[in-house]
Amino acid sequence: MILLINRLTLSFNMKCRACTNSLSPFLSLGKMPLVNHFLKKGELSKEKRFDLTVAFCPHCYLVQLTKIVPPKQLFSNYLYFSSTSSSFLEHCADNTDHLTHKLKLNKGSLVVEIASNDGAQLQYFKKAGMQILGIDPAKNIAKLANKKGIPTIADFFSHSLAKKLQQQLKREADLIYGANVLAHVPKIIDFARGVKNILATKGTAVFEFPYLAGLLEGKFDTIYHEHVFYYSLIALKNIFARVGLVIYDVEHTAVQGGSLMIFISHPGAFKINRRVAQLIRKEKQLRLDKITTYYKIGNTVQQLKEQVTNALDKLRQAGKTIAAYSAPAKGNILLNYFGISGHLNFIVDKAKSKQGLYTPGTHLLVHSLDKIYQARPDYMLILCWNIAGEVIQQLKDYQDTGGKFIIPIPKLKIV
């Protein structure tokens with residue numbers, strides 16, 4: 001059961017990773033497995049679980065985990081490949097067009113991507129004739145990217161690495177890009193200093209990440225050990241101001257069920273768009289700067305858990321078969337916290353790297369998509385709910401023959 005933290009009874013002295021002030025914990029999912037660490041059969045009994053508690057800093061407004069797992073343990077060998085999702089690749093292609101036009105990039109521009117994965121984004125900048133460099137700590141993925149012709153350094157981005165890159169490249173980056181990386185960096189101030197170090201005078205750093213407001217809408221499955229931080233714009237403004245950078249624009253995107261894209265520069269390089277002040281004003285209206293707002297999240301999550309569990313119970317009692325589609329990090333959080341793995345006949349995933357392995361915590365054997373057509377389950381629970389439209393279109397023949405889909409988040413929906 002979810003643990004709602006009572007600030008009056010909990011003794012807590014954890015310090016904020018950005019400003020070192022005391023934190024106020026507000027939500028715990030208990031002990032959870034590492035949701036991207038799939039297991040071989042012989043590893044099931046050795047799996048470890050780690051505390052997953054989230055806290056709020058009343059001083060700089062940064063939401064963060066109270067305890068972290070060392071990044072090397074999380075990211076040095078990774079089983080998520082960006083190119084697996086066709087909708088994400090479409091987003092990458094659109095991103096290239098959008099950023100090239102907005103930032104006036106050209107064939108002489110240098111684009112550096114942090115957490116570049118298998119080069120899904122950089123490949124489009126390369127096609128546009130730009131110089132590219134990827135940085136990703138997962139050695140297996142960096143090796144694959146290099147084979148694909150995407151020059152990639154297998155390392156964690158930091159201030160120290162940025163200084164080395166500046167000397168090696170002998171120039172600064174016109175664009176520093178990072179999708180879903182800001183949340184993964186425990187030493188966020190050091191990271192921001194590194195960005196400042198290799199950003200050209202008129203360059204822009206662009207970061208895209210799941211928006212904190214999603215937690216208020218029931219999208220709790222973004223909480224896992226890899227995500228050290230959960231960002232609002234007011235918190236990010238404080239972080240980058242500490243190292244002498246400014247956020248001059250912000251955009252909303254549909255990726256990951258609702259994300260923000262922020263544009264960062266050296267002070268005075270660009271006029272600050274009024275969207276920045278507008279969103280900060282809206283966040284304060286939503287009271288994202290108040291701890292009382294975050295205490296409400298637990299109730300929302302508990303209600304969603306009951307709705308999903310009850311729906312699956314009724315289907316099973318009616319003799320229906322249920323399979324799960326995809327085993328993303330967010331899906332593994334949902335399976336573990338909701339405790340619904342026993343309701344599932346099997347799970348499938350498009351990624352070959354996960355097939356034949358067992359899911360973290362719930363220990364379900366991952367099958368290929370062929371299993372859907374062999375077993376013909378009555379319902380498919382879409383754990384990658386943020387791309388449910390893509391999945392339903394992909395499995396149109398399954399739906400045409402009577403198969404139905406369950407979308408669990410942000411609101412339970414059966415189609």
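Before moving on, here are some points about what is shown:
- Once backbone amide H atoms are built at 1.01 Å from N, Val181 has Glu208 as its partners under 5 Å, excluding neighbours fewer than 5 places away on the same chain.
- Using a simple spin-label model with pseudo-atoms 7 Å out from Cα toward Cβ, Lys296 and Ser341 lie 3.4 nm apart.
- Principal axis dimensions, largest first and in whole angstrom, of the chain by Cα: 64, 54, 41
- Once the Cα-Cα distance is subtracted from the 0.36 nm per residue extended length, the Lys202 to Lys41 segment shows a gain of 52.7 nm.
- Summary value for the chain: 15 percent relative contact order, contacts being C-alpha pairs under 8 angstrom separated by 6+ residues.
- Sum of side-chain charges, Asn117 neighbourhood, beta-carbon under 15 Å (Lys, Arg +1; Asp, Glu -1): -1
- Over the chain, DSSP H runs of length four or greater, each weighted -39,500 (n - 2.57), average out per residue to a 222 nm ellipticity of -9500 deg cm²/dmol.
- Peptides ranked, highest mean first, by Cβ atoms within 10 Å: ranges 301-308, 353-360: 353-360, 301-308
- Build a GNM of the chain with springs between Cα atoms under 10 Å apart, and of Ala18, Ala213, Ala128 the one that fluctuates most is Ala128.
- By the rule of a second cysteine Cβ within less than 4.7 angstrom, the chain holds isolated cysteines at Cys92, Cys384.
- Convex hull of Cα atoms in the stretch 27-145, direction-averaged projection (nm²): 10.5
- Mean Cβ neighbour count within 10 Å, used as a protection proxy, ranking 381-392, 322-333 highest first: 322-333, 381-392
- Taking label points 7 Å from Cα along the Cα-to-Cβ direction, Arg242 and His59 give a separation of 0.9 nm.
- Three principal axis lengths of the stretch 197-280 [C-alpha, angstrom, descending]: 39, 26, 20
- Packing, taken as the mean count of other beta carbons within 10 Å per residue, orders the peptides 339-352, 54-67 from highest to lowest as 54-67, 339-352.
- FRET efficiency for the pair Ile414 and Leu89, taken as 1/(1 + (r/R0)^6) with r the Cβ-Cβ distance and R0 = 30 Å, rounds to 0.55.
- The Cα atoms of the stretch 291-351 cover 42, 32, 12 Å along the three principal axes, with the biggest extent listed first.
- Computed E for Lys271/Gln166 - FRET, C-beta separation, R0 22 angstrom, nearest 0.05: 0.25
- Taking the Cα atoms of the stretch 297-414, the ratio Rg/Rh between the radius of gyration and the Kirkwood radius comes to 0.93.
- FRET efficiency for the pair Arg281 and His101, taken as 1/(1 + (r/R0)^6) with r the Cβ-Cβ distance and R0 = 35 Å, rounds to 0.80.
- Build a GNM of the chain with springs between Cα atoms under 10 Å apart, and of Arg274, Arg17, Arg193 the one that fluctuates most is Arg274.
- Rg/Rh for the stretch 82-282, where both radii come from Cα atoms and Rh is the Kirkwood radius: 0.93
Since every read-out is calculated from the coordinates, none of them should be taken as a lab result. Quick caveat: nothing in here was measured; it's all calculated off a predicted structure. All Cβ positions, glycine included, derive from the backbone under ideal geometry; neighbour counts span all protein chains shown.
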